[in-house]
There are 2 protein chains.
Amino acid sequence: MPSVSKRGEQTPLSPFRKLIPIADRVKAAGKKVYHLNIGQPDIESPAAAMAAVRATDTKILAYSPAEGNASYRQKLVGYYKKFDIDLEPEHIMVTTGGSEAIQFMFLSCLDKGDEVIIPEPFYANYNGFAHIGDIKIKPITSTIDTGFALPDPEAFEAIIGPRTKAIFITNPNNPTGCFYPKEALKQLASIVKKHDLFLFVDEVYREFCYDDQEFFSALNLLDIQENVVVIDSISKRYSACGARIGAIVTYNQQVRDAASRFAKLRLSPPGLAQIFAEATLDVEENYLSNVKEEYDNRRQTVYRRLQAMPGVTSYKPGGAFYCFAQFPIDDADAFCQWLLEEFELDGATVMLSPGQGFYATPGLGHNEVRIAYVLNTTDLEAAMDCLEEALISYPGRVDNAVEALTVN
Amino acid sequence: MPSVSKRGEQTPLSPFRKLIPIADRVKAAGKKVYHLNIGQPDIESPAAAMAAVRATDTKILAYSPAEGNASYRQKLVGYYKKFDIDLEPEHIMVTTGGSEAIQFMFLSCLDKGDEVIIPEPFYANYNGFAHIGDIKIKPITSTIDTGFALPDPEAFEAIIGPRTKAIFITNPNNPTGCFYPKEALKQLASIVKKHDLFLFVDEVYREFCYDDQEFFSALNLLDIQENVVVIDSISKRYSACGARIGAIVTYNQQVRDAASRFAKLRLSPPGLAQIFAEATLDVEENYLSNVKEEYDNRRQTVYRRLQAMPGVTSYKPGGAFYCFAQFPIDDADAFCQWLLEEFELDGATVMLSPGQGFYATPGLGHNEVRIAYVLNTTDLEAAMDCLEEALISYPGRVDNAVEALTVN
């Protein structure tokens, strides 16, 4: 029997993936599991967009253009305009989810052995796409004492080397929920310009910025317009993770030309989902404002509950729907597994993402977890009840491991 | 401005891709273009499957499992059973089109620098997926005098080297329409076994075998069951190229485990399309038999018309919906471009795929084209009228370039 590839065996998985079979098993045995481990919201997709799918009179599900349907790209121009981003349809390439957009961006901009600097903790699947492209991720550590704010420019400059081609940030951030303001982006822009790098920004959570903070897109860094490549997706804002519609947005024609080659190779993004995606652009504004308000309530709930847990370090995340908290535990992998296998409160437990997998630097994140507040506040309160009780009874509790600290 | 990657610039395009802007231009100027360049049929997708999409009451377009919906995989078992293929749902991984299946298969089975042997001419996008994975394609030339039959086992053995990990065939074939019978596959199996290789088979056209030939799946090569990886897609059989639903099918658990890592990385295949795909499995049998009969009529039309064209070498393809013909021309790229830009018959012309791009060996295919008989017979006759006339008036006609020959 021929052996599979090394790269197949070595492709990294998401931090919570190995917990899924365990979760499935305990659920089958009757335990209720509150899933705060994955960015899959319980919020309904816009009814009007689903109605557009039901109303389709398409007779032949034909290939769409590789770059996406012209009508959808045209309407996306209006969507970005709301964020003061001036685009032509040609600047937007529709992709099969944000995931494919990341892959196309990496392959289009970086050759084998090239480096991309990413503040850690970062969205763990970036590792996998870098692995496919034989790209090296150079991490730059952000820390909980600043609420995982963007590291100082000096820290970036210190690790820029001859093979460094790009800086990649997620704003607002997954997994930390940190919101990077305009000033932070401007600082980054000066580094990018000085060293002639690409600036990749994953902006899929741009709708979810709280406390009246105003989102500032990297596409509006006019001074480095040709350096910026933005990743987008409808998954989070329209609670449509399963549609698989994302986008690459860039003013840089060379990047678009390269990405277009990869897009043509896979022929087209999904067709039915493009009907849905185009219809989201006609959804009433209050859909998004209601969703944001709902997430804000959840955010307050998580923040309030974490603050009240002895030994837990937390902060109030400024965006997205994640919080990255520090627990008085020995090992986050072990703790998350124990939560599923050993713990229950009134027949329920909570599933979280262990922190280690979000770091590229070995040894970091062992006492941290990502909490995705994707459940309604009633379920979230119940999940926090579980967590509070679990942290008390966890045999691996280590009270002196971290100083209790609440920032922000 | 930072420069894009070399691999982005070097990713090969489909043979007809550079002709698309020209086709768009002449169509905008009023010329009718018969598209025989792409495998996009004019046949309607099954109405019952579209009705299932319209009937969906999904409220949240959530991620599906990375390997595809359990209900769909379960029903696919019954589909394969019709071809005497015995599978469990776990043997089937749902992918975003056959394209993604090819990419996952390559990445899962081959490391950088590994080689895959493919009979040429072959589906040109295999080049691109090999390029992404840094995989070397070793071509083995099949020729028109045998109707592009599978080369002899000795020819395969002659080019197997230490880095050869797989043989990859398309059955029935795109671009040649050649059907490989059971005996040919058995011969291949013995080579695969002897050298412990993978056998990759793209079977997306398995429904379209003509002249009462019986399709034999590589999954039924029981002697090499662990070596076989099959690529599938609903695009062609259900005229649903835009759905983007394919599959990897293999008994080899290690391959499935590796492919599953890549699948998890991109989270899930498209959700709405899976509703469509699952519903295709309830479509009445006569949908497929009618479609096959229609393609058979088109096949006869193309064959009859090509035979009557002086200087054209053709054969009767046994499967799929392609024919790869040899023309009395100097250069297929130039001819296909001339057809669009310079030629017209009653305001119309025909678009074909030039042959060169289907070969990995330089210099081959310069007087060959792929004809996709994806239009109804009325349009097909009109397209053949154009072609017949064009071959007479083409300034680059080279009558002595090939011996007029009709095989099969």
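The values are calculated or read from the model by the stated rules, or taken from the named source; none is laboratory data. If you're wondering where the values come from, they're calculated on a predicted model, not measured in any experiment. With ideal geometry, Cβ positions are generated from the backbone for all residues, glycine too; neighbour counts draw on all protein chains shown.
In region B:100-140, how many residues are at the interface with chain A (Cβ under 9 Å from one of its Cβ atoms) and of a type in the set (Gly, Ala, Ser)?
Residues in region B:100-140 being at the interface with chain A (Cβ under 9 Å from one of its Cβ atoms) and of a type in the set (Gly, Ala, Ser): 3 in total.
Which residue out of A:21, A:15 is of a type outside the set (S, T, N, Q), in contact with a Phe, Trp or Tyr (Cβ under 7 Å, 6 or more places away or on another chain) and outside the structural domain of residue A:104 (by TED's automatic domain parsing)?
Working: A:21 fails: in contact with a Phe, Trp or Tyr (Cβ under 7 Å, 6 or more places away or on another chain).
That would be A:15, the only listed residue that is of a type outside the set (S, T, N, Q), in contact with a Phe, Trp or Tyr (Cβ under 7 Å, 6 or more places away or on another chain) and outside the structural domain of residue A:104 (by TED's automatic domain parsing).
Residue-by-condition table, conditions (1) under 16 Å from the mean Cα position of the chain (by Cα); (2) among the β-branched types (Val, Ile, Thr); (3) crowded, with 23+ Cβ neighbours inside 10 Å:
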{"site": "B:54", "(1), (2), (3)": "no, no, no"}
{"site": "B:57", "(1), (2), (3)": "no, no, no"}
{"site": "B:62", "(1), (2), (3)": "no, no, no"}
{"site": "B:71", "(1), (2), (3)": "no, no, no"}
{"site": "B:87", "(1), (2), (3)": "no, no, no"}
{"site": "B:92", "(1), (2), (3)": "no, yes, yes"}
{"site": "B:108", "(1), (2), (3)": "no, no, yes"}
{"site": "B:114", "(1), (2), (3)": "no, no, no"}
{"site": "B:119", "(1), (2), (3)": "yes, no, yes"}
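Test residue A:97 against the stated conditions and say whether it is within 11 Å of chain B (Cβ to nearest Cβ), of a type outside the set (Val, Ile, Thr) and in contact with a Pro (Cβ under 9 Å, 6 or more places away or on another chain).
On the way: within 11 Å of chain B (Cβ to nearest Cβ): yes; of a type outside the set (Val, Ile, Thr): yes; in contact with a Pro (Cβ under 9 Å, 6 or more places away or on another chain): yes.
For residue A:97, the condition - within 11 Å of chain B (Cβ to nearest Cβ), of a type outside the set (Val, Ile, Thr) and in contact with a Pro (Cβ under 9 Å, 6 or more places away or on another chain) - is met.
Give the residue that is surrounded by the most Cβ atoms within 10 Å (Cβ to Cβ), with candidates limited to residues of region A:340-373 that are among the hydroxyl-bearing types (Ser, Thr, Tyr) and part of a loop (DSSP other than H, G, I, E, B).
As a first pass, look at region A:340-373 and keep what is among the hydroxyl-bearing types (Ser, Thr, Tyr): A:349, A:353, A:359, A:361, A:373.
In the following step, the residues that additionally are part of a loop (DSSP other than H, G, I, E, B) were identified as A:359, A:361, A:373.
Values: A:359: 19, A:361: 11, A:373: 29.
Only one residue tops the list, namely A:373.
Hey, could you check region A:1-12 for residues that are polar (S, T, N, Q) and free of Cβ contacts under 8 Å to residues at least 40 places away in the same chain and say which is farthest from the other protein chains (Cβ to nearest Cβ)? Full working, then the answer.
Let us first name the residues in region A:1-12 that are polar (S, T, N, Q), namely A:3, A:5, A:10-11.
Checking which are free of Cβ contacts under 8 Å to residues at least 40 places away in the same chain leaves us with A:3, A:5.
Working: A:3: 7, A:5: 5 Å.
Here the residue is A:3.
Step by step: first the residues of region B:118-173, then only those that are under 21 Å from residue B:326 (Cβ atoms) and of a type in the set (A, V, I, L, M), then the one that is modelled with the lowest pLDDT. Which residue is that? Walk me through it before giving the result.
Step one: list which residues in region B:118-173 are under 21 Å from residue B:326 (Cβ atoms), which gives B:118-124, B:139-151, B:155, B:170, B:172-173.
Still in the list and also of a type in the set (A, V, I, L, M): B:118, B:124, B:140, B:144, B:149-150, B:155.
On the way: B:118: 98, B:124: 93, B:140: 97, B:144: 97, B:149: 97, B:150: 97, B:155: 96.
Only one residue fits best here, namely B:124.
Of all residues being more than 14 Å from every other protein chain (Cβ to nearest Cβ) and surrounded by 19 or more Cβ atoms within 10 Å (Cβ to Cβ) in region A:257-300, which is nearest to residue B:272 (Cα to Cα)? Just the residue, please.
Filtering first and then ranking leaves A:295.
What number of residues within region B:268-282 are closer than 8 Å to residue B:49 by Cβ and within 23 Å of the chain's Cα centre (by Cα)?
Count: 3.
Based on this model, can you work out whether residue A:308 counts as buried (at least 19 other Cβ atoms within 10 Å of the Cβ) and not β-branched (Val, Ile, Thr)?
Details: buried (at least 19 other Cβ atoms within 10 Å of the Cβ): no; not β-branched (Val, Ile, Thr): yes.
Criteria not met by residue A:308.
Within region A:13-51, track down each residue that is within 11 Å of chain B (Cβ to nearest Cβ) and over 26 Å from the mean Cα position of the chain (by Cα).
Within region A:13-51, A:51 is the sole residue that qualifies.
Of all residues in region B:1-49, how many are within 30 Å of residue B:277 (Cβ to Cβ) and assigned to a helix (DSSP H, G or I)?
So the answer is 5.
I'd like to verify a number: residues in region A:19-52 that are loosely packed, with under 13 Cβ neighbours inside 10 Å and acidic (Asp, Glu), how many?
Going residue by residue through region A:19-52, those that are loosely packed, with under 13 Cβ neighbours inside 10 Å are A:21, A:24-25, A:28-30, A:47, A:51.
Those left that are additionally acidic (Asp, Glu): A:24.
Here the count works out to 1.
When residue B:228 is evaluated against the numbered criteria (1) under 30 Å from residue B:356 (Cβ atoms); (2) within 14 Å of another protein chain (Cβ to nearest Cβ); (3) among the β-branched types (Val, Ile, Thr), which criterion, by number, is the only one it fails?
Tallying (1) under 30 Å from residue B:356 (Cβ atoms); (2) within 14 Å of another protein chain (Cβ to nearest Cβ); (3) among the β-branched types (Val, Ile, Thr), residue B:228 fails exactly one: (1).
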